Amino acid sequence: MRQDFVANVSHELKTPVAAIQALVETILDDPDMSGQTRERFLRKTRNQSLRLSSIVSDLLTLSRMESEEGVTRETVDLRDTVAVPAEEAIPTAEVKKIRLHIRVPDRPMWTTGDMEGLCLVTSNLVGNALKYTPNEGEVTVSLSQQGHQALLEVEDSGIGIEARHLDRIFERFYRVDTARSREMGGTGLGLSIVKRVVLAHNGTVSVESIPGRGSTFRVLLPVPGNLPPQVSRSSAA
Ligand code: ADP
């Protein structure tokens, strides 16, 4: 598995690097190129370098979440890890005229966890829901309490996922449609990050989907109770 992963990473990194090299060489080899063409090539070069940096940053996140010491344990109100990243997606939803509903409870849902990692769970799921939902669709993000667990649901009215892919989409670099995912700036690592973070918090993640109708991703995380956190303050006498 490790060998496969190294081979996949190398391939994923080589693709944008090769594209950048080819684009830069084309520009260098043709000093008479029109300004318009040069700009087009430079934009492509920028897109490929952005892709490269997304892959590297996703790989670093994965590797941090895989090591015990990498996962921080702070007192977190889960509403912040849901509402804040979901609200950051509002402009993207607006561009696509997607109705984005964000529902969180009135009361805090305290737990101990990695704030950054938990925010990534929401931002990756909401980002995907918006990516794979056509214009004028609907996405609902909701957080609720289910006994001693917190339930995060991200439901979309998008393209859906065929049953044969459902087990595999949480694997690193697995995409249903590679060209489409790349075109949309996907790294193929988003859901593997979601899974890693959720496992690091002793939770579970699942998906239900109907092709052509939409998908619902569900994350269950243990929450110790609704008690306010123990805030330790040292008072200088
Ligand atoms: P990517 O960067 O390609 O979006 P992910 O790991 O986030 O990578 O997702 C893996 C694949 O799962 C995607 O390429 C896509 O095919 C599928 N997928 C993820 N979320 C959704 C969704 N909400 N609707 C339809 N397909 C999805």
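When LEU125, LEU120 are screened for being in contact (Cβ under 8 Å) with a residue 40 or more places away in the chain, within 20 Å of ILE210 (Cα to Cα) and crowded, with 20+ Cβ neighbours inside 10 Å, only LEU125 passes. Each residue in the stretch 131-152 was checked for being touching a strand residue (DSSP E or B) at 6+ places or on another chain (Cβ under 9 Å), open to solvent by 50 Å² or more (accessible area, probe 1.4 Å) and more than 11 Å from the ligand (Cβ to nearest atom), and 6 of them qualify.
Residues that are open to solvent by 60 Å² or more (accessible area, probe 1.4 Å) and within 8 Å of the ligand (Cβ to nearest atom) within the stretch 183-213 comprise just one, MET184.
Residues of the stretch 61-114 that are of a type in the set (D, E, K, R) and open to solvent by less than 60 Å² (accessible area, probe 1.4 Å): ASP77, ARG79, LYS96, ASP114. The residues in the stretch 2-60 that are open to solvent by 70 Å² or more (accessible area, probe 1.4 Å) and more than 23 Å from the chain's Cα centre (by Cα) can be counted, and the count is 14.
Here is a check on your reading of the model: is VAL198 under 23 Å from LEU52 (Cβ atoms) and modelled with pLDDT of 90 or more? So that I can check it myself, show each step before the final result.
Values: under 23 Å from LEU52 (Cβ atoms): no; modelled with pLDDT of 90 or more: yes.
No.
For (1) part of a strand (DSSP E or B); (2) over 30 Å from ARG2 (Cα atoms); (3) more than 17 Å from the chain's Cα centre (by Cα); (4) modelled with pLDDT under 95, each residue gets a yes or a no:
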{"residue": "LEU62", "(1), (2), (3), (4)": "no, no, no, yes"}
{"residue": "ASP80", "(1), (2), (3), (4)": "no, yes, no, no"}
{"residue": "VAL84", "(1), (2), (3), (4)": "no, yes, no, no"}
{"residue": "GLU87", "(1), (2), (3), (4)": "no, yes, no, no"}
{"residue": "LEU100", "(1), (2), (3), (4)": "yes, yes, no, no"}
{"residue": "THR111", "(1), (2), (3), (4)": "yes, yes, yes, yes"}
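Put simply, of GLU153, GLU94, GLU116, GLU136 the only residue that is part of a strand (DSSP E or B) and among the acidic types (Asp, Glu) is GLU153. The residue pairs whose first member lies in the stretch 17-46 and is within 23 Å of MET184 (Cα to Cα), whose second member is not in a helix (DSSP H, G or I), and whose beta carbons are closer than 8 Å, counting only pairs six or more residues apart or on different chains, are PHE41/MET33.
Got a number for residues in the stretch 153-164 being among the aliphatic types (A, V, I, L, M), open to solvent by less than 70 Å² (accessible area, probe 1.4 Å) and over 12 Å from ARG103 (Cα atoms)?
Total meeting the criteria: 2.
Of all residues in the stretch 60-71, those that are under 17 Å from LEU189 (Cα atoms) have Cβ atoms under 8 Å from Cβ atoms of residues that are acidic (Asp, Glu) and surrounded by 11 or more Cβ atoms within 10 Å (Cβ to Cβ), 6 or more apart or on another chain, in MET65/ASP114.
The values are calculated or read from the model by the stated rules, or taken from the named source; none is laboratory data. Everything numeric in this text was worked out from a predicted model, so none of it was measured. Here Cβ is always computed from backbone atoms with ideal geometry, including for glycine, and neighbour counts include all displayed protein chains. The area values use the complete protein model at the heavy-atom level, side chains included, leaving out ligands, DNA and RNA. Shrake-Rupley method; radii C 1.70, N 1.55, O 1.52, S 1.80 Å.
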